[in-house]
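Below: the structure, in structure tokens.
Every read-out reported here was derived from the displayed coordinates using simple, explicitly stated rules and does not represent laboratory data. Fair warning: this is a prediction, and the values are worked out from it, not measured in the lab. All Cβ positions, glycine included, derive from the backbone under ideal geometry; neighbour counts span all protein chains shown.
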Amino acid sequence: MSPHPLASEGFNASEIFVLMDSALKTVDKGELDEVVKKVKGVFQFDVKNKAGKTESWILDVNSAPGVYKPDGKRKPDLIISVSDEDFIALAEEKLNPQKAFIQGKIKVKGKMLLAAKLDRVMKQAKAKASL
């Protein structure tokens, strides 16, 4: 069996993105439409692993909800740079996003107001995927 297209060796975060994509694509259409209506944003995550390598994923909560590898078709409204380890801690709710931002563990570029809406998306995806 070939690896999932979102999987990236050496990045634990890729497992979370695979689960988020699955959750977004299996959620009830009415519920998904409601989330899209409230968020309307495209997020790019630049994740750096312990080896110093960076991989990126796009979370589209707008025109085509799901998680994608960057392909030039989706322009991010917000770019989030974070370590692989901190991304996992955020996804598992072991790291507070606001504290992480203040401590410099997360770098954010773009429409800052979307960052607050991202927390809602992550929590819904987590509940659906049982992360």
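Name the pairs: first residue in the range 1-21 and under 16 Å from Met122 (Cβ atoms), second residue part of a loop (DSSP other than H, G, I, E, B) and of a type in the set (S, T, N, Q), Cβ to Cβ under 7 Å, at least 6 apart or on different chains?
Ser14/Ser8
For the range 60-82, what are the residues that are more than 13 Å from the chain's Cα centre (by Cα) and hydroxyl-bearing (Ser, Thr, Tyr)?
Answer for the range 60-82, where residues must be more than 13 Å from the chain's Cα centre (by Cα) and hydroxyl-bearing (Ser, Thr, Tyr): just Ser63.
Just name the residue that is farthest from Ala13 (Cα to Cα) out of those in the range 53-89 that are among the acidic types (Asp, Glu) and buried (at least 17 other Cβ atoms within 10 Å of the Cβ). Step through it out loud before you land on a result.
Let us first name the residues in the range 53-89 that are among the acidic types (Asp, Glu), namely 55, 60, 71, 77, 84-86.
So of that shortlist, the ones also buried (at least 17 other Cβ atoms within 10 Å of the Cβ) come out as 55, 60, 77, 84, 86.
Values: Glu55: 10, Asp60: 17, Asp77: 21, Asp84: 6, Asp86: 9 Å.
Selected residue: Asp77.
Quick check on my filter: what residues within the range 38-50 are more than 12 Å from Val121 (Cβ to Cβ) and among the basic types (Lys, Arg)?
Lys48, Lys50, listed by residue number.
Quick test for you: out of Ser56, Ser81, Ser63, pick the one residue that is touching a Pro at 6+ places or on another chain (Cβ under 7 Å) and free of Cβ contacts under 8 Å to residues at least 60 places away in the same chain. Steps first, answer last, please.
Details: Ser81 fails: touching a Pro at 6+ places or on another chain (Cβ under 7 Å); Ser63 fails: touching a Pro at 6+ places or on another chain (Cβ under 7 Å).
Exactly one residue qualifies, and that residue is Ser56.
Among Pro76, Pro65, Pro3, which is the only one that is touching a Phe, Trp or Tyr at 6+ places or on another chain (Cβ under 9 Å) and of a type outside the set (D, E, K, R)? Before the answer, list the steps.
Numbers: Pro65 fails: touching a Phe, Trp or Tyr at 6+ places or on another chain (Cβ under 9 Å); Pro3 fails: touching a Phe, Trp or Tyr at 6+ places or on another chain (Cβ under 9 Å).
Matching residue, one of Pro76, Pro65, Pro3: Pro76.
Here is a yes/no grid of residues against (1) of a type in the set (A, V, I, L, M); (2) under 24 Å from Leu113 (Cβ atoms); (3) crowded, with 20+ Cβ neighbours inside 10 Å:
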residue: Asn12; (1), (2), (3): no, no, no
residue: Ile16; (1), (2), (3): yes, yes, yes
residue: Val27; (1), (2), (3): yes, yes, no
residue: Glu31; (1), (2), (3): no, yes, no
residue: Gly41; (1), (2), (3): no, yes, yes
residue: Val47; (1), (2), (3): yes, yes, yes
residue: Ala51; (1), (2), (3): yes, no, no
